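Engineer: Quick one: this structure, given as structure tokens, is what I'll be asking you about.
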């Protein structure tokens, strides 16, 4: 059996609002309140954050705090790689979604000769670069960095040299670029994108299974089709942003909530069906922000419900 190790990354500097750095604690509180000793069952490692940078004046408007985000991503990449080398399954709990670049980089560094597939369960595509971003928030850029895709066809921003150098650094963590191929990325639940992201997805034939398509065609059918699309990948990484879930149905406890998303049962089933493939080597959960929760701690409670259920499936599959 491959044991799970939890990697706790309390960084929220890639987001536009503060508070997702407390998401891990909120999930742990949800477990305690449920009488569940989940977090006593696994070894864990903590990633040093750079969260104090939020008090400094912003120097890179099209990639806010990029130098510090790069530092955190490098640390996370190293931790993920080491976790795999120690023969653990890395289960990553992060603040904002910029962390995904660090996680993917660590996976690719550990398996440099393998193809890594990405299943992106999110309301957003996160395909912006500093050249296309409307906000400058790096949690909207991790997938573009992993793909090493500047999307210059849709360039609207002139960036400073500091931004350019750090963005190149992000794309080249571990000396491997790109980490992932466009054809090896599948989206679930993306429904809030800007035109540059739509262009990138269309240009590269990237499939997005929208909520309504999954409900119409059937979840198992869509997941099976997604796995077929990723059949040339040796391994799969699942990135679960809690804003993939419906903010009206669950809660607004995330930085960029969007209506008409999944419920927690659909998310659990999607992740569990993917784990059944025996190709999943890492799961990441991101963007729980208890400071924005309009229903107490419901988003963290729901995230823990999903986490607890899919962890059972990971353990079950690893025992086979």
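Engineer: Within region 10-29, name every residue whose backbone N is under 19 Å away from a label modeled 7 Å from Cα of residue 46 along the Cβ vector.
Structural biologist: Zone members listed by number: 10-13, 19-29.
Engineer: Still on this structure, please answer the following. If Rh is defined by the Kirkwood formula over all Cα pairs and Rg also comes from Cα, what ratio Rg/Rh do you get for region 190-320?
Structural biologist: A ratio of 0.97.
Engineer: Let me ask something else about it. Say each of residue 207 and residue 36 gets a label point 7 Å from the Cα, pointing the same way as Cα to Cβ; how far apart are those two points in nm?
Structural biologist: Simple spin-label model gives 3.0 nm for this pair.
Engineer: On a full-extension model of 0.36 nm per residue, what is the gain between residue 320 and residue 112, subtracting their alpha-carbon distance, rounded to one decimal in nm?
Structural biologist: My answer for the length gained is 72.3 nm.
Engineer: Another one. Expected output is a single nm value to one decimal: the length gained when fully extending between residue 195 and residue 29, i.e. 0.36 nm times separation in residues minus the C-alpha distance. What is it?
Structural biologist: Result for the pair: 55.9 nm of gain on full extension.
Engineer: Explain nothing, just the number: relative contact order of region 1-144, from Cα pairs under 8 Å at least 6 residues apart, as a whole percent.
Structural biologist: Result for region 1-144 is 33 percent.
Engineer: A further question follows. Cα centroids of region 162-191 and region 47-110: how far apart, whole angstrom?
Structural biologist: Centre-to-centre (Cα) distance: 13 Å.
Engineer: How would you rank 119-130, 8-19, highest first, on the average number of other Cβ atoms within 10 Å across their residues?
Structural biologist: Taking the mean over residues of other Cβ atoms within 10 Å, the ranking is 119-130, 8-19.
Engineer: Round to the nearest 0.05 the FRET efficiency obtained for residue 161 and residue 86 when R0 = 51 Å and r is the Cβ-Cβ distance.
Structural biologist: According to the calculation, E is roughly 0.85.
Engineer: In region 106-128, which residues have a backbone nitrogen under 15 Å from the label point lying 7 Å from residue 2's Cα in the Cα-to-Cβ direction?
Structural biologist: The answer is 106-118, whose backbone nitrogens lie closer than 15 Å to the label point.
Engineer: Relative contact order, percent, of region 4-319 when contacts are C-alpha pairs under 8 Å separated by at least 6 residues?
Structural biologist: Reported as a whole number, the value is 22 percent.
Engineer: Just the Cα atoms of region 145-264: what Rg and Dmax do they give in Å?
Structural biologist: Using the Cα atoms of region 145-264, the pair Rg, Dmax is 16.4, 48 Å.
Engineer: Also, I was wondering about something else. What is the log10 of I(q)/I(0) for region 60-188, computed with the Debye formula using one identical point scatterer on each Cα and no solvent, at q = 0.14, 0.22 Å⁻¹?
Structural biologist: -0.56, -1.37
Engineer: While we're looking at this one, here's another question. Please give the calculated 222 nm ellipticity per residue for the chain, where each DSSP H segment of at least 4 residues contributes -39500 (n - 2.57) and the sum is spread over every residue; nearest 500 deg cm²/dmol?
Structural biologist: Rounded to the nearest 500, it is -12000 deg cm²/dmol.
Engineer: Another question, then. Which of 51, 33, 272 moves most in a GNM of the chain, Cα contacts under 10 Å?
Structural biologist: Looking only at 51, 33, 272, the largest GNM fluctuation is found for 33.
Engineer: Continuing with this model, one more query. So if R0 is 41 Å, what FRET efficiency would residue 148 and residue 249 give, r being the distance between their Cβ atoms, rounded to the nearest 0.05?
Structural biologist: Approximately 0.70, to the nearest 0.05.
Engineer: For region 58-113, what is one quarter of the convex hull surface built on the Cα atoms, given in nm²?
Structural biologist: Its Cα hull, projected and averaged over all orientations, spans 4.3 nm².
Engineer: Something else: Write down the radius of gyration of region 4-78 and its Dmax, each obtained from C-alpha positions, in Å.
Structural biologist: When restricted to the Cα atoms of region 4-78, Rg and Dmax are 14.6, 45 Å.
Engineer: Using every Cα-Cα pair within region 4-319, state what percent have a distance larger than 27 Å.
Structural biologist: Result: 35 percent of Cα pairs exceed 27 Å.
Every number here is computed from the coordinates shown, using simple stated rules; none is lab data. Everything numeric here is computed off the predicted structure, so don't read it as measured data. Don't worry about glycine lacking a Cβ; one is built from the backbone with ideal geometry, like all the others, and counts go over all protein chains shown.
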